[in-house]
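Colleague: What follows is a single structure, and I will ask about it in a moment.
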Amino acid sequence: MPINHNDKVNISSIVEILKSLRDPDIGCPWDLEQTFETIAPYTLEEAYEVVDAISREDLDGLKDELGDLLFQVIYHAQIAQEIGAFSLSDVVTGICEKMIRRHPHVFGKDEVANVVSQNKKWEEIKRKERGSDEESVLDGIALALPALVRAKKLGKRAALVGFDWDNQAGVRDKVNEELIELDAAIVEKDTNSITAEMGDVFLSLVSMCRHLDIDPEVCLSNANIKFEERFRTLEKNVIASEEKWEDLSESRLEVLWQDAKRDT
């Protein structure tokens, strides 16, 4: 289905393209073989590329990546419609109803004093939506989430019922405690214990991020970018010095690293 750019292009244009791609008679062989499971990795990849464009402040790139992500949503809806599960219209109706239901302070008569109370109300509404069969405040947090994101959600949910530190100092003490336990496991040279204690260190650091009102995923992502920039500078400095990596001592590498930090 070629697009005439003189026509008004909207969501229905993408729907028609997907119908053509999945048409048994004229469709694309690759697209005809796809299922929810085979498309899911691409959906996740496109979501990450949206985040990447945002982090780079690339608005042109963001426009393209949002298009790719939108295509993924409609792709899943098309497969669902083919098997009689639901349609894109059902998806749109569902999200509209959900957003109205979860914002009674905007679309109803409820009032919220601030963001904190609004977030608490949001979680209460979500819990009711999950049904009366729910056994734990932690129910409904997807296992497939990135570990840092899931850790933050687990801590946030537990805090709703009061399982939390009163202040940042308490969390900081917990970080110290977990580091001491990690050191003990390292002394014992027990790989399983080291792995478990390192996990506890990460979890306590995520809790500290939550108390500081910062996102652990953003913290680590920014640290990765910073490390990459500095290491690339270090590499250039090594090449410029005509030194060989294998000849560089730990102290020399530290000097080069500090130089790279000043240059980036």
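Colleague: Restricting to segment 106-147, name every residue that is over 19 Å from residue 159 (Cα atoms) and among the small types (Gly, Ala, Ser).
Modeller: Across segment 106-147, the qualifying residues are 108, 113, 131, 132, 144.
Colleague: More than 17 Å from residue 22 (Cβ to Cβ), touching a His at 6+ places or on another chain (Cβ under 6 Å) and of a type in the set (Val, Ile, Thr): which single residue out of 92, 51, 112, 106 fits that description?
Modeller: 112
Colleague: For residues in segment 125-153 being β-branched (Val, Ile, Thr) and assigned to a helix (DSSP H, G or I), which is farthest from residue 198 (Cα to Cα)?
Modeller: 125
Colleague: Of all residues in segment 70-124, which are hydroxyl-bearing (Ser, Thr, Tyr) and part of a helix (DSSP H, G or I)?
Modeller: Matches in segment 70-124: 75, 89, 93, 117.
Colleague: Need at least 2 residues that are under 19 Å from the mean Cα position of the chain (by Cα) and modelled with pLDDT under 95 per element, so show me which helices (runs of 4 or more DSSP H) inside segment 1-67 make the cut, counting only ones lying wholly within it.
Modeller: Of the helices (runs of 4 or more DSSP H) lying wholly inside segment 1-67, those with at least 2 residues that are under 19 Å from the mean Cα position of the chain (by Cα) and modelled with pLDDT under 95 span 36-55.
Colleague: Show the residue pairs meeting these rules: Cβ distance below 7 Å; 6+ apart or different chains; first residue within segment 88-101 and in contact (Cβ under 8 Å) with a residue 12 or more places away in the chain and over 22 Å from residue 10 (Cα atoms); second residue among the aliphatic types (A, V, I, L, M) and in a helix (DSSP H, G or I).
Modeller: 101/125
Residue-wise test of (1) charged (D, E, K, R); (2) without any contact (Cβ under 8 Å) to a residue 12 or more places away in the chain.
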{"position": "220", "(1), (2)": "no, no"}
{"position": "223", "(1), (2)": "no, yes"}
{"position": "226", "(1), (2)": "yes, no"}
{"position": "254", "(1), (2)": "yes, yes"}
{"position": "264", "(1), (2)": "no, no"}
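Colleague: Can you confirm whether residue 177 is among the charged types (D, E, K, R), closer than 26 Å to residue 54 by Cα and part of a helix (DSSP H, G or I)?
Modeller: Criteria not met by residue 177.
Colleague: While we're here: Look at segment 207-264 and say how many of its residues are in a helix (DSSP H, G or I), within 31 Å of the chain's Cα centre (by Cα) and of a type in the set (Val, Ile, Thr).
Modeller: Adding up the residues that qualify gives 3.
Colleague: Return the only residue of 123, 178 being within 23 Å of the chain's Cα centre (by Cα) and in contact (Cβ under 8 Å) with a residue 12 or more places away in the chain.
Modeller: Criteria check complete, one pass: 123.
Colleague: Restricting to segment 226-244, name every residue that is exposed (fewer than 13 other Cβ atoms within 10 Å of the Cβ) and either in contact with a Leu (Cβ under 9 Å, 6 or more places away or on another chain) or closer than 30 Å to residue 157 by Cα (or both).
Modeller: Matches in segment 226-244: 241 only.
Colleague: Against the definition (at pLDDT below 95 and among the acidic types (Asp, Glu)), how does residue 183 come out, yes or no?
Modeller: Here the answer is no, as residue 183 does not meet what is asked.
The values are calculated or read from the model by the stated rules, or taken from the named source; none is laboratory data. Not measured: the values here are computed from a predicted model. Backbone-built Cβ (ideal geometry, glycine too); neighbour counts: all protein chains shown.
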